[in-house]
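The values are calculated or read from the model by the stated rules, or taken from the named source; none is laboratory data. Everything numeric here is computed off the predicted structure, so don't read it as measured data. Note: ideal-geometry Cβ built from the backbone for every residue, glycine included; neighbour counts use all protein chains shown.
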């Protein structure tokens with residue numbers, strides 16, 4: 001069955017438990033509100049199905065009382081009483097939590113506002129070359145350097161094909177790197193950050209790039225960065241990195257991008273050939289290729305929708321669309 005939306009029964013109690021579990025993992029140096037927005041009222045799954053949580057404003061007891069009053073039966077999941085699960089242990093502990101109700105809603109608004117500000121910065125200063133080299137023009141106000149570090153973290157995840165942002169310590173390194181303002185290079189996850197006089201560039205580190213065969217009709221995610229489908233009805237296709245193919249040509253581009261960076265970034269482009277034929281047998285017409293945004297393509301909370309749309313615009317993809325629910 002294919003659904004465009006699925007309703008989930010999470011309640012305000014589930015939300016508080018979620019926040020409590022995240023609180024327990026907080027670094028003591030972080031503010032209490034960091035990462036505590038809880039579950040989003042809507043989350044886009046796999047790009048085409050919305051997971052909707054219409055009961056986040058209602059308590060579990062209120063929902064059960066309403067069902068009883070309406071003589072509607074419900075099923076209790078036995079795992080809800082299994083203390084092997086962290087959520088159950090948190091529920092049974094009944095400890096007072098630092099964030100509840102309105103505070104959680106404020107944390108959610110803060111997260112959405114911050115994501116929107118990062119989206120605006122990427123929209124104003126971000127550029128893209130061949131979907132493998134991403135740039136931020138260094139024209140943002142100095143007071144926004146910390147925000148720029150988070151925007152750059154988003155771009156490194158995109159360049160490196162990662163579904164998660166760099167960790168807190170790595171983002172702090174990015175911030176210090178940008179604040180110093182000196183030319184240099186930094187490795188973050190699978191991406192390289194290269195600061196030049198007027199621009200910050202990021203691209204895929206050229207180590208451990210995959211080489212694979214794609215049979216007729218098959219579809220794969222290559223290196224976390226590209227969705228490639230073999231539309232050739234007869235031939236298998238080989239997908240490898242341009243840097244691993246002899247005499248692979250790096251396409252021409254904006255001359256504002258230094259040639260050395262074009263060469264390094266271009267080496268991580270996928271090259272598609274018929275199996276056993278080499279570069280001269282290139283078969284791009286028989287394959288489709290689309291840039292992936294791994295941070296947002298599988299799970300996209302509505303908090304981050306504007307940011308995800310900014311990333312989609314950067315790689316010339318359609319927007320993700322609007323969430324089909326409204327929050328008070």
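Would you confirm whether or not region 283-303 contains a residue that is surrounded by fewer than 17 Cβ atoms within 10 Å (Cβ to Cβ), modelled with pLDDT under 80, part of a helix (DSSP H, G or I) and over 25 Å from the mean Cα position of the chain (by Cα)?
yes
Taking the condition surrounded by fewer than 16 Cβ atoms within 10 Å (Cβ to Cβ), under 30 Å from residue 309 (Cα atoms) and at pLDDT 85 or above, does residue 109 pass?
Values: surrounded by fewer than 16 Cβ atoms within 10 Å (Cβ to Cβ): yes; under 30 Å from residue 309 (Cα atoms): yes; at pLDDT 85 or above: yes.
Judged against the criteria, residue 109 is a match.
Among the listed residues 174, 165, 155, which satisfies the condition of being modelled with pLDDT of 95 or more and within 26 Å of residue 299 (Cα to Cα)? Please lay out each step first, then the result.
Working: 174 fails: modelled with pLDDT of 95 or more; 165 fails: modelled with pLDDT of 95 or more.
Being modelled with pLDDT of 95 or more and within 26 Å of residue 299 (Cα to Cα) holds for just one of 174, 165, 155, which is 155.
Can you pull out every residue in region 221-239 that is surrounded by 18 or more Cβ atoms within 10 Å (Cβ to Cβ), under 25 Å from the mean Cα position of the chain (by Cα) and in contact (Cβ under 8 Å) with a residue 40 or more places away in the chain?
222, 223, 225, 226, 228
What do you reckon, is residue 224 out of contact with any helix residue (DSSP H, G or I) (no Cβ under 6 Å at 6 or more places or on another chain), at pLDDT 95 or above, on the phi > 0 side of the Ramachandran plot and not in a helix (DSSP H, G or I)? Walk me through it before giving the result.
Numbers: out of contact with any helix residue (DSSP H, G or I) (no Cβ under 6 Å at 6 or more places or on another chain): yes; at pLDDT 95 or above: yes; on the phi > 0 side of the Ramachandran plot: yes; not in a helix (DSSP H, G or I): yes.
Yes, satisfied.
Please specify each residue of region 175-220 satisfying the condition of being more than 23 Å from the chain's Cα centre (by Cα) and over 18 Å from residue 149 (Cβ atoms).
If the condition is that a residue be more than 23 Å from the chain's Cα centre (by Cα) and over 18 Å from residue 149 (Cβ atoms), then 197, 211, 212, 213, 214, 215, 216, 217, 218 are the ones that fit.
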